[in-house]
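What follows is a short report on a single structure.
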Amino acid sequence: MKKQVQKDPSLVKKVFSTIFFTLIIIIGVISILTSIAGFSRGLIIFGSLYLILGVFAFFPKKIIKISNGKKLLIVLSVFIILLILSIIFNWSTSEEIFNHDLQEEFILDGEASNISVIIYNTTKATTIILNNQEKTTTGYFLFINCELINLGKSAVTLNPIYDIIDNQNKTYAGMGFSSYQESFQPDLKKQIYFLFEIPTSAEELKFRIRDQTGLHIINLVI
C-alpha cells in the first residue's frame, strides 16, 4: 500500500504568506514611485494618496497586526481604486514637458498667436516699488528677465499661466509680469519681466510656463 503524503498546514501557510508579502512589497514600491511622479507633475493629492499607500505597504506586521493576506487585499483594492481615479482624472495622459536653458529661445503656442520667448537672466532685490508702494521681504524679490516676439499676424494680449518650483516641489505663484494686459504687436521685440517673492531657503529654482502643447521648464541656475 502506498503511503499518503500529508502536507504540513503550517508550511503551506508560510508559503502563501511569503507570496502575499512579496506582492505587497511590489505594490508598495510601485505606489511610492508613482507618488514621486505625481509630486513632480504638481499632482499633490494623487501623489499624497499613493505615498500613504506605499508607506502602509511597508508597515511591519507587528504594528498593524493583520495577516499578509488581509493586508494584500487592502493594498491591492486601494491601489486599483487609485488607478481608476487616476485614469478618470487624466493621470495617464500627462502633459508634455519641454526643458530649456537660460538664453535659449522657445515658442509659446497660443490660440491667436505664437510667441517667441528668450529668458536672459534673473535679478534679485529686497525692496521694490509695486503699484507706487514700496515693498520689502524677509526673502527676496526675483525678476525673470525675458524678451518676447509676437510671431503672429495680429496683436495679442498675453495671460500666461506660470510659477516657480524648487527642489522640494514647493511652488511659488508670481506677483505679476510687466506687460499684463498689454498688446503685443507682430514682429516687435518686447522686454518684460516676471516677478516673484522667494524665501532664501528655496534652492534649485525652475520657472514653469504653460501653453497649449505642454509645460515649458527653465532651470534658473540661481
Using 0.36 nm times the number of residues separating GLU147 and THR200, minus their current alpha carbon distance, what extension gain do you get? 16.4 nm
For ALA173 and ASP187, calculate 0.36 nm times their separation in residues minus their Cα-Cα distance, and state this gained length in nm to one decimal. 2.1 nm
Given points 7 Å out from each Cα along the Cα-Cβ axis, report the LEU102 to ASN132 separation in nanometres with one decimal. 3.5 nm
Could you pull out every residue, at least 5 positions away or on a different chain, whose amide H is within less than 5 Å of the one on GLY110? Hs are placed 1.01 Å off N in the peptide plane, and Pro or chain starts have none. ILE115
Ranked by GNM mean-square fluctuation in the chain (Cα springs under 10 Å), the top entry among LYS14, LYS153, LYS71 is LYS14
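Given the convex hull of the Cα atoms of the chain, what is a quarter of its surface area in nm²?
Projected over every direction and averaged, the Cα hull of the chain covers 19.1 nm².
Taking GluC sites (Glu not before Pro) that fall in a DSSP loop and have at most 15 other Cβ atoms within 10 Å as cut points, what is the longest piece of the chain between them? Let's see the in-between values first.
Details: sites that count: GLU95, GLU104, GLU111, GLU182, GLU203, GLU204.
That would be 1-94.
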Stretch LYS13-LYS62 to full length: gain in nm at 0.36 nm per residue minus the Cα-Cα span? 15.9 nm
Estimated D of region 97-194 in µm² per second, where Rh is the Kirkwood radius over Cα pairs and Stokes-Einstein applies at 25 °C, 0.890 mPa s: 164 µm²/s
Report ³J(HN,Hα) in whole Hz for each residue of region 97-106, in order, from the Karplus equation J = 6.51 cos²θ - 1.76 cosθ + 1.60 where θ = phi - 60°; Gly and Pro get x. 10, 10, 9, 9, 9, 4, 6, 9, 6, 9
What is the chain's relative contact order, in percent, from Cα pairs under 8 angstrom and six or more apart in sequence? 17 percent
Do the sum for the chain: with -39,500 (n - 2.57) for every DSSP H run of n ≥ 4, divided by all residues, what is the mean residue ellipticity at 222 nm, to the nearest 500 deg cm²/dmol? -11000 deg cm²/dmol
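Every number here is computed from the coordinates shown, using simple stated rules; none is lab data. None of these values were measured; they are calculated from a predicted model. Every residue, glycine as well, gets a Cβ built from its backbone with ideal geometry; the counts of neighbours run over all protein chains shown.
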